[in-house]
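Single-structure report; data block below.
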Amino acid sequence: MSENTIRDVFLEEAREILRHLEADLIQLEDGDDPELINRIFRYVHTIKGSSGIAGFDVVYEFTHKLETLLDMVRNGKIPVEKKLVDLLLESMDWIATGIYEEPDFDRMEALLDRTGKYHAAGGGAVSASEEEDAPAKNGPSEDKNFFFLVRASFRPMVFQSGIDPLIIMEDLTALGSVEQKRVNLKRLPELEELDPERCYLDWTVLLKTKHPRSKLDDVFIFVKDDNDITVEDITAEFVDDEKYNTMLQERKLGEILLKRGIITEEELDDVLSSQDESNRKLGDLIVEKGYADEKSIKYALGEQSRIKSRIQTTTVRVDTRKLDSLLNLLGEIVISQSSISRISEELEEQHGFRLKNALYAMDRITREFQEQIMAIRMIPIGPTFEQFRRFVRDAAADMKKEIRLDIRGAETELDKTVIEQISDPLKHMLRNAIDHGIEPPDEREKAGKKRTGTVTLNAYHQEGNIYIEIIDDGQGIDRAAIKRKGLERGLIKPGDELTDKQIHDLLFLPGFSTAENVGELSGRGVGMDVVKTNIEALRGSVEIFSEERRGSTIRIKLPLTLAIIEGMLVRVGTNVYIIPLLSIVESLQPARDHVKTVEGKGEVMLVRGEYVPLVRLYEHFGIKSDVTNPWESLVVVVESGSDRLGIMIDDLVGQQQIVIKSLENYITQSRALSGAAILGDGKVALIIDVHGMVGDLAR
Amino acid sequence: MKNILAVDDSPTIRTSVEYALKGLGHNVVQAENGKDALDKFNDLKEKGESLAMCIVDVNMPVMDGITFVKEFRKLDKFTPVVILTTESGNSKIEEGKSAGASGWIVKPFAPGELVKIVEKLVR
């Protein structure tokens, strides 16, 4: 239904009213009957209300003034005389024309002039526009925050007027964010005395909002008169930091109690004067005098300390090395813990059990502890991404390309060390995307793409890992060209059936570059192999996805934590190695006929219908083991990316949290080791780098 | 869908209330004056339906809005009642509130204003 229908209803209604009005006005000439005047007033009043709704604004304005006049007649301020009735009749005619034909403004002015004279005579000069003051600016302000301290104490019978204070408080809090709030229970009686039809609560809310005060007043419009509602603008206290701080410093307990309406000024004065004599604590005195209960005092004390802590600033700058050493110390705790855990194994049952339980509890705490330290080290990747904007702009200009950098997931948090170490690889990959990925504008146009190419940097968390993606909407990777190059360099053999992934992996081999002309930007020797090594050093991995003509995505996967991991301890002879739990798929004892030797690929074993390379750990590291036949040993199947590997060991020892200690380069050349850990018994165990081991085998 | 009573002697006002609140998915029951409204309220009760809110004009023949609010409050303590007034800031608001009204709306009102006020009182 439309407004036209309302208009139609109004036209019909007005016709009826005007007919009655005319009859009544003529009757008025014969004598003033109060009931008659009332009726006339109501007719005009109704036309006024309806005309406003139906959109007859001029008629509305006019009837509004006429109504004021009639109100004075009704109150006996203006006598009923022929002149008045004439005016009213003429006004009625004008209303009829105004509604059914066109408003005659000249006549309206003349009539209003006469009405105005009566107004003056009646003593109340009322201008029609008075009521409709321009509405206060209600929209939220762009950037300024206001702070309002709102105290709302509702009268007990508030429910009886159909008002639910909770709805009002919800409306209030919907205007911004609640910085502090308190529900005062002081008026709440014991349960047996509680009358469910009464309201006992008051609220104190510190609201941070972009709306001006008028908007808050709107919320309380129906209750502000007969309930105790105060809205105090304390924005200045928050905006002017210096002033705020001094003010806060000086804010004593008494002031807080006063400000929160817990005690009155007189009560405070009283307590302060007796404090001078007794030199006792203010809070105790207030409770003693019965001005407030202990709960309120506690609340105020809490606030006081909150205020204090705000003064003492909420952040500290810490040298990251201190965090590192904190993490190292935690690592030591984890190690000690596992050595105590070992002792608990040796104890007789009763004590051992109790010790183990205590250790479980401690384990929970250390894990939490670790998470907290890690959280401190986490910083958003945004700034790192942002710093590439200039680089992309300049690089694109150099290459005569039009490129836009799109940043997503800037808020994703990464370990500080990771961010520092990921920056260079990212730059390299961006360079690749600009150089090899995005086509020159003309070429893009020909291919039906926008002239401006887009390179996207994206970061997100997923399943305990962090992913960083470099996405371009360029031409995609020319797999044929890579294959050619691979053949040229003897990296692959003619006739090798290669999957897309295997072709992409060629890009990570040292010194591999497909740029036809070695560009300014890419192909400077440090290739994708360096990128890959850097990422693997962070125990991450990197993968390439590409679609011809649509673009490429390089996805880096990084672990959330660096220093402490869940590890599986495995034994080979007298040596213990650690395999990161996240890499392990399963452990099994292979059947004798499932282990085979394949020409050129070495030993493989059948795992769930698929052959995976088998690594005899004792052979790989040149150590002694108890068993040399795979079918008598255990094999841990691990996974790195899409590569699987069976690691042959003697036995599983157990699973525990381990702290990674890095190995200096001179200790090992093997990529199969990523570090070492100190075990509970003080022995050192080497950590197997599954990704590196796969890499080692590929060589 | 909630029942809302629109009480005004002007069909224009009643209809506009109905249109404005239809958008919120409410069912608007129209009544011409206070007495008619009390009858309609009783009708609803007999049908076992509840009333979510009343919107009542002050100036009406037969039974005016203030009297209606007083009478209505004898039957129902907690349902919000909003009075329609053209005399903003006038004693009518006070009179209405002391009779038990929850709030007021100044005529003429934009549909959006009415919707805002109804949302403020009915959840």
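Couple of notes before you dig in:
- Residues of the range A:151-210 classified as of a type in the set (A, V, I, L, M) and in a strand (DSSP E or B), total: 6
- Boolean, residue A:415 is touching a residue at least 60 places away in the same chain (Cβ under 8 Å) and within 20 Å of the chain's Cα centre (by Cα): yes
- Single condition residue A:133 does not satisfy, out of (1) at pLDDT below 85; (2) over 30 Å from residue B:116 (Cβ atoms): (2)
- From the list A:24, A:32, the one residue that fits, being surrounded by 15 or more Cβ atoms within 10 Å (Cβ to Cβ), modelled with pLDDT under 80 and among the charged types (D, E, K, R), is A:32.
- Residue tally, condition surrounded by 20 or more Cβ atoms within 10 Å (Cβ to Cβ) and outside any strand (DSSP E or B), over the range A:539-560: 2
- Of all residues in the range A:98-125, those that are outside any loop (DSSP other than H, G, I, E, B) and either surrounded by fewer than 15 Cβ atoms within 10 Å (Cβ to Cβ) or acidic (Asp, Glu) (or both) total 9.
- Residues of the range A:26-56 satisfying the condition of being closer than 23 Å to residue A:105 by Cβ, more than 9 Å from chain B (Cβ to nearest Cβ) and part of a helix (DSSP H, G or I): A:44
- Residues in the range A:302-318 that are modelled with pLDDT under 75 and either within 22 Å of residue A:658 (Cα to Cα) or in contact with a helix residue (DSSP H, G or I) (Cβ under 9 Å, 6 or more places away or on another chain) (or both): A:303, A:304, A:307, A:308, A:310, A:311.
- From the list A:84, A:66, the lone residue that is closer than 30 Å to residue B:19 by Cβ, more than 9 Å from chain B (Cβ to nearest Cβ) and not in a loop (DSSP other than H, G, I, E, B) is A:66.
- Those helices (runs of 4 or more DSSP H) lying entirely in the range B:1-91 with at least 1 residues within 11 Å of chain A (Cβ to nearest Cβ) and surrounded by 24 or more Cβ atoms within 10 Å (Cβ to Cβ): B:11-22, B:65-75
- Among the residues of the range A:482-541, just one is among the aromatic types (Phe, Trp, Tyr) and modelled with pLDDT of 80 or more, namely A:508.
- Within the range A:173-219, tally of residues that are surrounded by fewer than 20 Cβ atoms within 10 Å (Cβ to Cβ), farther than 20 Å from residue A:149 by Cα and within 14 Å of chain B (Cβ to nearest Cβ): 4
- Where strands (runs of 3 or more DSSP E) fall entirely within the range A:364-450, those with at least 3 residues that are modelled with pLDDT of 85 or more are at A:403-408.
- Taking the range A:456-481 as the range and being modelled with pLDDT of 85 or more and either of a type in the set (S, T, N, Q) or in the same structural domain as residue A:582 (by TED's automatic domain parsing) (or both) as the test, the residues that pass are A:456, A:458, A:475.
- Within the range A:617-627, the set of residues being in contact with an Asp or Glu (Cβ under 9 Å, 6 or more places away or on another chain), open to solvent by 40 Å² or more (accessible area, probe 1.4 Å) and not acidic (Asp, Glu) comprises A:620 only.
- Scope the range A:466-505; condition of a type in the set (D, E, K, R) and open to solvent by less than 20 Å² (accessible area, probe 1.4 Å); matching residues: A:469, A:472
- Filter pass, residue A:321 being open to solvent by 90 Å² or more (accessible area, probe 1.4 Å), over 21 Å from residue A:204 (Cα atoms) and modelled with pLDDT of 75 or more: yes
- Total residues in the range B:92-123, condition within 16 Å of residue A:171 (Cβ to Cβ), open to solvent by less than 10 Å² (accessible area, probe 1.4 Å) and at the interface with chain A (Cβ under 9 Å from one of its Cβ atoms): 2
The values are calculated or read from the model by the stated rules, or taken from the named source; none is laboratory data. Keep in mind it's a predicted model, so treat the numbers as computed, not measured. We place every Cβ from the backbone using ideal geometry, glycine too, and count neighbours over all the protein chains shown. Please note that ligands, DNA and RNA were not included when accessible areas were found on the heavy atoms of the full protein model with its side chains. Shrake-Rupley method; radii C 1.70, N 1.55, O 1.52, S 1.80 Å.
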